[in-house]
Amino acid sequence: MRAFLLLPLLLAAGCAGPGLPRLGSGEFVASDVNGVPIVGGTRLTLVLGEDGQASGNGGCNSFTTTYRLQSQERIDFGPIASTRMACAPDRMEQETRYFAILDAAGSYSVYGSGAVSIIAPDGRAIRFRR
């Protein structure tokens, strides 16, 4: 009887915050944008807050947005607001791809090593590490 009563509590504990126990909050650093290595000297970041706010750096410009976890593997980002600094063309192109994938994102995957991929419906993805 006790096991029967504890099961719903254990299941509920595993679902505290939609997806956060699995994805987690904090800073993620991009290791590639759609399979293309990060341009040397740049650091692309994504910081997920527990309050649904996200921010980071696209390699040239800082940005802020909101995000919503809809299930254990579904994520949506709101409109991205960023600074408007100009950088070298290769950095600007990388940032454009980075922001486009975040804007279109629909899902994510977490791997055993702690790596995370944010994935657009058409398969484009950004791979992150902690």
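So here's what we get for this one:
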| read-out | value |
| --- | --- |
| So Thr64, is it assigned to a strand (DSSP E or B), of a type outside the set (Gly, Ala, Ser) and surrounded by fewer than 17 Cβ atoms within 10 Å (Cβ to Cβ) | yes |
| Selection from segment 39-90 of residues that are among the polar types (S, T, N, Q), under 19 Å from Arg129 (Cα atoms) and touching a Cys at 6+ places or on another chain (Cβ under 9 Å) | Thr42, Gln72 |
| Qualifying strands (runs of 3 or more DSSP E) (wholly inside segment 82-130; at least 3 residues being closer than 16 Å to Thr45 by Cα and in contact with a strand residue (DSSP E or B) (Cβ under 7 Å, 6 or more places away or on another chain)) | 116-119, 125-129 |
| Candidate set from segment 75-94 (those that are surrounded by 14 or more Cβ atoms within 10 Å (Cβ to Cβ) and either touching a residue at least 40 places away in the same chain (Cβ under 8 Å) or among the aromatic types (Phe, Trp, Tyr) (or both)); member that is farthest from Gly59 (Cα to Cα) | Ile75 |
| Selection count where residues are aliphatic (A, V, I, L, M) and in contact with a Leu (Cβ under 7 Å, 6 or more places away or on another chain), scope segment 55-111 | 4 |
| Some residue of segment 119-126 being under 21 Å from Gly24 (Cα atoms), surrounded by fewer than 19 Cβ atoms within 10 Å (Cβ to Cβ) and not hydrophobic (A, V, I, L, M, F, W, C) | no |
| Sole residue being of a type in the set (D, E, K, R) and touching a Gly at 6+ places or on another chain (Cβ under 7 Å), chosen from Arg97, Arg84, Arg68, Arg127 | Arg68 |
| Scan of segment 100-118 for residues that are surrounded by 20 or more Cβ atoms within 10 Å (Cβ to Cβ) and free of Cβ contacts under 8 Å to residues at least 60 places away in the same chain, ordered by number | Leu102, Ala105 |
| Members of segment 109-130 found to be under 17 Å from Arg68 (Cα atoms) and touching a Phe, Trp or Tyr at 6+ places or on another chain (Cβ under 9 Å), listed by number | Val116, Ser117, Ile118, Ile119 |
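Read-outs: derived from the displayed coordinates by stated rules, not from any lab. From a predicted model like this one, the values you see are computed outputs, not experimental measurements. Ideal geometry is used to build each Cβ from the backbone, glycine not excepted, and the neighbour counts take in all protein chains shown.
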